[in-house]
Amino acid sequence: MNKEKMYQDLKREFTDKMGRELKREEKEFIMWMVQEHHKEEKKKNDSYFG
């Protein structure tokens, strides 16, 4: 799953559960979570193929 799709899915899920639009800090946190996830996935893939 690409970063943008993952971000949009998580943002929608958070918005649905909280019943309101997200604050800027909350959106930044979700983006950080997505970036960290992709870093970990890249590390796993690099070590698997390396």
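Of all accessible surface on the chain at a 1.4 Å probe, what whole percent is carbon and sulfur?
Working: 2330 of 4320 Å².
That fraction is 54 percent.
Phi-derived couplings, Karplus 6.51 cos²θ - 1.76 cosθ + 1.60 at θ = phi - 60°, listed residue by residue for the range 34-44: 5, 5, 5, 4, 5, 4, 5, 4, 5, 4, 4 Hz, with x used for Gly and Pro. Taking 0.36 nm per residue of sequence separation and removing the Cα-Cα distance, the Lys44/Phe29 pair yields an extension gain of 3.1 nm.
222 nm [θ] for the chain, helices only, -39500 (n - 2.57) per DSSP H run of 4+, per residue, to 500? Present the calculation step by step, with values, prior to reporting the outcome.
Numbers: 2 runs with 42 residues, N = 50.
Taking each H run of at least 4 residues, the total per residue is -29000 deg cm²/dmol.
Per residue, the chain exposes 86 Å² of solvent-accessible protein surface, assessed with a 1.4 angstrom probe and all protein chains in place.
Could you calculate, for the chain, the ratio of the Cα radius of gyration to the Kirkwood radius, expressed as Rg to Rh? Before the final figure, lay out each step's value.
On the way: Rg = 13.3 Å, Rh = 11.9 Å.
Using only Cα positions, Rg/Rh for the chain is 1.12.
The values are calculated or read from the model by the stated rules, or taken from the named source; none is laboratory data. None of these values were measured; they are calculated from a predicted model. SASA here: full protein model, heavy atoms, side chains in, ligands and nucleic acids out. Shrake-Rupley method; radii C 1.70, N 1.55, O 1.52, S 1.80 Å.
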